[in-house]
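Engineer: The structure's right below; bear with me while I get my questions together.
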Amino acid sequence: WEFRGSGLTNMHGSTGDIIFLGTTTPQLEEIFYEMTHKHDQDLGGSGSNLRTPSDCIGQARCEYACYDTQDLCTHLTKEYQDELHRPAFPYKFKFKFDGCPNCCVASIARADMSFIGTWKDDIRIDQDAVNGYVNGEFKPNGGSHSGRDWGPFDIQKEVIDLCPTKCMRYENGKLEINNRECTRCMHCINVMPRALRPGKQTGCSILVGAKAPILDGAQMSSLLLPFVEVNKENDYQEVKDVIESIWDWWMEKG
């Protein structure tokens, strides 16, 4: 980069993993050729095209991931190479992939299409482990708040009362969840990870429209499809059908 530009780089910025700063227009095509042909590097999209997709670590490391975020991200990156490198849209378009509603890559706030892992069936409950938390055998929040003495764990105060839809209750040593009212906020699962798990019938929710306009402030994306199966066996055709239908509209209205 000392040869082609300023020598300044930005690592892991909000717009890319490695950002090369301070070149001149005549150098751009030369840089592109050198990176792709001599150094065998793919370059991310820039301009009015599909930006480079990003994902959380997913099932590679995380027990909460409801689908394989890395595989879906890689598949769509390869599938839509033309949209990445040849701007065809009236404005940029971003995907981001979160394996669960904890939203570790903040797709709900930073992507035109957010893919957030979720489940259809009931939260799995281990009642013995629930009572283990109540009796002080296990530290809540995976021990992340253990730096000071917060007093004994209070399931009513720290879990039940903080449920946004009040769909939980703990009586006679048993935790009950009205799953029809659950909004998948993940709070109870995060506080008692040994006792609670996402359901087994997993997929993702698709949301659209996050943006950060200067005058109005940040806007979260809106729910488009509550549940879509994320199926590797048919090359994620259900997901691609949604994407391409939206792109038909985006070409005209974006």
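Engineer: Need a quick list: strands (runs of 3 or more DSSP E) entirely within region 155-254 having at least 1 residues that are loosely packed, with under 13 Cβ neighbours inside 10 Å and within 21 Å of the chain's Cα centre (by Cα).
Structural biologist: 222-228
Engineer: Just the residues that are of a type outside the set (Val, Ile, Thr), in contact (Cβ under 8 Å) with a residue 40 or more places away in the chain, farther than 24 Å from Glu176 by Cβ and assigned to a loop (DSSP other than H, G, I, E, B), please, taken from region 104-128.
Structural biologist: Within region 104-128, Cys104, Ala111, Asp112 qualify.
Engineer: Go through region 66-85 residue by residue and tally those that are surrounded by fewer than 19 Cβ atoms within 10 Å (Cβ to Cβ) and in contact with a Gly (Cβ under 9 Å, 6 or more places away or on another chain). Show your work before the answer.
Structural biologist: Initial filter on region 66-85 (surrounded by fewer than 19 Cβ atoms within 10 Å (Cβ to Cβ)): 70-71, 74-75, 78-79, 81-83, 85.
Add one more test, that the residue is in contact with a Gly (Cβ under 9 Å, 6 or more places away or on another chain), and what stays is 70-71, 83, 85.
Residues that pass the stated criteria total 4.
Engineer: Same structure again: Within region 20-65, work out how many residues are outside any loop (DSSP other than H, G, I, E, B), surrounded by fewer than 11 Cβ atoms within 10 Å (Cβ to Cβ) and either touching a residue at least 12 places away in the same chain (Cβ under 8 Å) or within 23 Å of the chain's Cα centre (by Cα) (or both).
Structural biologist: The first filter runs over region 20-65 and keeps only residues outside any loop (DSSP other than H, G, I, E, B), leaving 20-21, 25-38, 50, 54-55, 58-60.
The next check asks that each one be surrounded by fewer than 11 Cβ atoms within 10 Å (Cβ to Cβ); those that pass are 25-26, 29, 33, 37-38.
Of the ones still in play, those that are also either touching a residue at least 12 places away in the same chain (Cβ under 8 Å) or within 23 Å of the chain's Cα centre (by Cα) (or both) are none.
Residues flagged as outside any loop (DSSP other than H, G, I, E, B), surrounded by fewer than 11 Cβ atoms within 10 Å (Cβ to Cβ) and either touching a residue at least 12 places away in the same chain (Cβ under 8 Å) or within 23 Å of the chain's Cα centre (by Cα) (or both) within region 20-65 amount to 0.
Engineer: Return the residues of region 113-134 that are more than 30 Å from Thr52 (Cβ to Cβ) and touching a helix residue (DSSP H, G or I) at 6+ places or on another chain (Cβ under 9 Å); say none if nothing qualifies.
Structural biologist: Asp121, Asp122, Ile123, Asp126, Val130, Tyr133, Val134 - these are the residues of region 113-134 that are more than 30 Å from Thr52 (Cβ to Cβ) and touching a helix residue (DSSP H, G or I) at 6+ places or on another chain (Cβ under 9 Å).
Engineer: Tally the residues that are without any contact (Cβ under 8 Å) to a residue 24 or more places away in the chain, out of contact with any Lys or Arg (no Cβ under 7 Å at 6 or more places or on another chain) and not small (Gly, Ala, Ser), restricting the search to region 146-193.
Structural biologist: Step one: filter region 146-193 for residues without any contact (Cβ under 8 Å) to a residue 24 or more places away in the chain, giving 146-154, 156-157, 160-161, 164-169, 171-172, 176, 178, 180-181, 183.
With the extra rule that they be out of contact with any Lys or Arg (no Cβ under 7 Å at 6 or more places or on another chain), the set shrinks to 147-154, 156-157, 161, 164-169, 171-172, 178, 180-181, 183.
Those left that are additionally not small (Gly, Ala, Ser): 148-150, 152-154, 156-157, 161, 164-169, 171-172, 178, 180-181, 183.
Summing the residues that are without any contact (Cβ under 8 Å) to a residue 24 or more places away in the chain, out of contact with any Lys or Arg (no Cβ under 7 Å at 6 or more places or on another chain) and not small (Gly, Ala, Ser) in region 146-193 gives 21.
Engineer: When you go through (1) modelled with pLDDT of 95 or more; (2) under 21 Å from Tyr64 (Cα atoms); (3) among the charged types (D, E, K, R); (4) not assigned by the TED database to the domain that holds Ala212 one by one for Asp154, which number turns out not to apply?
Structural biologist: All conditions pass for Asp154, except number (2).
The values are calculated or read from the model by the stated rules, or taken from the named source; none is laboratory data. All of these numbers come straight from a predicted model, not from anything done at the bench. Note that each Cβ is placed from the backbone with ideal geometry, even for glycine, and that neighbours are counted across all protein chains shown.
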